[in-house]
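Let me give you the structure first, and then I'll get to my questions.
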DNA sequence: ATCGGCTCGCGCAA
DNA sequence: TGCGCGAAGCCGAT
């Protein structure tokens, strides 16, 4: 299958030059399988009769990144480097600010191909490369099923407004991607890069916050790990998926968010796998596609079209007003960030999900909502709650600092949601209660599940 | 156990 | 201009 032209965007007007190689500057789509940017780069290299060189810029001052994130990322990159090698493609990791790494190797390239990210800094990096490179820079989208601009030209109001817009594109975009064989292998090309054989040594050398330990026991990075885990999900868990979205005591979820965040697996690949699952699982398949495509890409839409997606002021006017109306309301409990991070509150359910997050780098989606709503309830002001929630989210989750993170936190404060009965502190934003957990799921089993996880992690 | 009301605003029908 | 309806809810009445 060919790559849809809407995935491909030239970022500057510079011509393709004579150069030693085509450069694929990999940053978001950290995989060799189902990567449109990579396949586009291979096709360009073949067309120009050049080699393909892949470079990844490794910086150790990535905002809020810590040992946990980097361990997972390097586990994945190690595999990606190996699979590219088996395809005859040279990949190097270079220490430095990603756009500068790309620009440096871009000096000898005929063109630079890059993948796509929706966060501010990711966009700024690509703009810098596009402006400063003296060769053509082309961005290829591979981390959403339907490119954001194809879906909509504005920030969508809610899932229900984006859903039909995505659905009518699915026929066009839910198509496979074939690997193209490289004509001129680049493995012999002499160029220095970071040695990935000794990942632990490399991690020690990098200037990373060591206070958040790796979680390889629960999530080991890499495309093949993601694929195997997904196979298991389809075989054993998918059949419960539509029934168990608010059953955190079960493990009937795919656990793909860390892999998606680092681009170690393609959402298109996952969607196609789901489509091929048996027809009698129709309801479950639709429920999964809703999460993987509609809500995931609503998050991309939010980050892309909302300039201030990472601050409190991004929430809708009605929500800001109603939360301001209740800013002075008495709080029965107020916890500071340290107490929250230590899972030291009066609420055993909340403590359990905080521990799940801390020890595994992950949390069941249903509990993510409860977790966030309670921080709003237990903070002196909604603004402070928002900052605390985002900071803890980005610190512990493997998929922190994702468009999904910003959207998920904003949802707590009314984004993509609607008004409900007015009440203390929350105003008209949606409230969630411990009694709801008791009513709707086996929350005691969830608490026990987390306790067992934590015990096994120590 | 189940149901209606709460409440906002988008997008479509008219 | 009116109206249906919605990312995962709560609460009180029946």
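Every number in this text was worked out from the coordinates using simple rules, so none of it is lab data. Only a predicted model underlies this, so the values are computations on that prediction, with no experimental measurement involved. Positions of Cβ are generated from backbone atoms using ideal geometry, with glycine treated the same way; all protein chains shown enter the neighbour counts.
Does at least one position in the range A:353-372 carry a residue that is more than 15 Å from DNA strand C (Cβ to nearest atom) and over 23 Å from the mean Cα position of the chain (by Cα)?
No, the range A:353-372 contains no residue that is more than 15 Å from DNA strand C (Cβ to nearest atom) and over 23 Å from the mean Cα position of the chain (by Cα).
Checking residue A:203 against (1) more than 16 Å from DNA strand C (Cβ to nearest atom); (2) under 30 Å from residue A:295 (Cβ atoms); (3) surrounded by 12 or more Cβ atoms within 10 Å (Cβ to Cβ); (4) more than 20 Å from the chain's Cα centre (by Cα), only one condition comes out false. Which one?
(2)
A quick yes/no check of all residues on (1) in contact (Cβ under 8 Å) with a residue 40 or more places away in the chain; (2) under 17 Å from the mean Cα position of the chain (by Cα); (3) buried (at least 16 other Cβ atoms within 10 Å of the Cβ):
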position	(1), (2), (3)
A:85	yes, no, no
A:105	yes, no, yes
A:116	yes, yes, yes
A:121	yes, yes, no
A:130	yes, no, yes
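What is the residue count in the range A:166-193 for residues that are part of a loop (DSSP other than H, G, I, E, B) and closer than 21 Å to residue A:37 by Cβ? Spell out how you get there, then give the answer.
Quick first cut of the range A:166-193, residues part of a loop (DSSP other than H, G, I, E, B) only: A:168-169, A:174-193.
Those left that are additionally closer than 21 Å to residue A:37 by Cβ: A:169, A:174-187, A:189, A:191, A:193.
Residues flagged as part of a loop (DSSP other than H, G, I, E, B) and closer than 21 Å to residue A:37 by Cβ within the range A:166-193 amount to 18.
So which of A:149, A:75, A:100, A:64 ends up being on the phi > 0 side of the Ramachandran plot and under 26 Å from the mean Cα position of the chain (by Cα)? Give the derivation first.
Numbers: A:149 fails: on the phi > 0 side of the Ramachandran plot; A:75 fails: on the phi > 0 side of the Ramachandran plot; A:100 fails: on the phi > 0 side of the Ramachandran plot.
Result of the check over A:149, A:75, A:100, A:64: A:64.
If a residue has to be more than 16 Å from DNA strand C (Cβ to nearest atom) and either within 21 Å of residue A:272 (Cβ to Cβ) or in contact with a strand residue (DSSP E or B) (Cβ under 8 Å, 6 or more places away or on another chain) (or both) to count, how many in the range A:147-167 make the cut?
2
Considering the range A:322-343 alone, what residues qualify as being surrounded by fewer than 12 Cβ atoms within 10 Å (Cβ to Cβ), away from DNA strand C (no atom under 15 Å from the Cβ) and free of Cβ contacts under 8 Å to residues at least 40 places away in the same chain?
Within the range A:322-343, A:328, A:338 qualify.
For the range A:306-324, enumerate the residues that are within 12 Å of DNA strand B (Cβ to nearest atom) and over 17 Å from residue A:390 (Cβ atoms).
If the condition is that a residue be within 12 Å of DNA strand B (Cβ to nearest atom) and over 17 Å from residue A:390 (Cβ atoms), then A:316, A:317, A:318, A:321, A:322 are the ones that fit.
Of everything in the range A:429-443, what is farther than 18 Å from residue A:379 by Cβ and either near DNA strand C (Cβ under 6 Å from one of its atoms) or in contact (Cβ under 8 Å) with a residue 60 or more places away in the chain (or both)? Give them in sequence order. Before you say what the answer is, go through the steps one by one.
In the first step, residues of the range A:429-443 are kept if they are farther than 18 Å from residue A:379 by Cβ; the result is A:435-443.
If the condition is that a residue be farther than 18 Å from residue A:379 by Cβ and either near DNA strand C (Cβ under 6 Å from one of its atoms) or in contact (Cβ under 8 Å) with a residue 60 or more places away in the chain (or both), then A:435, A:436, A:437, A:440, A:441, A:442, A:443 are the ones that fit.
Among the residues of the range A:415-427, which ones are within 10 Å of DNA strand C (Cβ to nearest atom) and under 25 Å from residue A:308 (Cβ atoms)?
A:415, A:416, A:417, A:418, A:419, A:420, A:426
Taking the range A:209-255 as the region of interest, how many residues are under 23 Å from residue A:81 (Cβ atoms) and not in a loop (DSSP other than H, G, I, E, B)?
The qualifying residues number 8.
Among the residues of the range A:14-36, what is the count of those that are crowded, with 22+ Cβ neighbours inside 10 Å and either under 18 Å from residue A:88 (Cβ atoms) or free of Cβ contacts under 8 Å to residues at least 40 places away in the same chain (or both)?
Here the count works out to 8.
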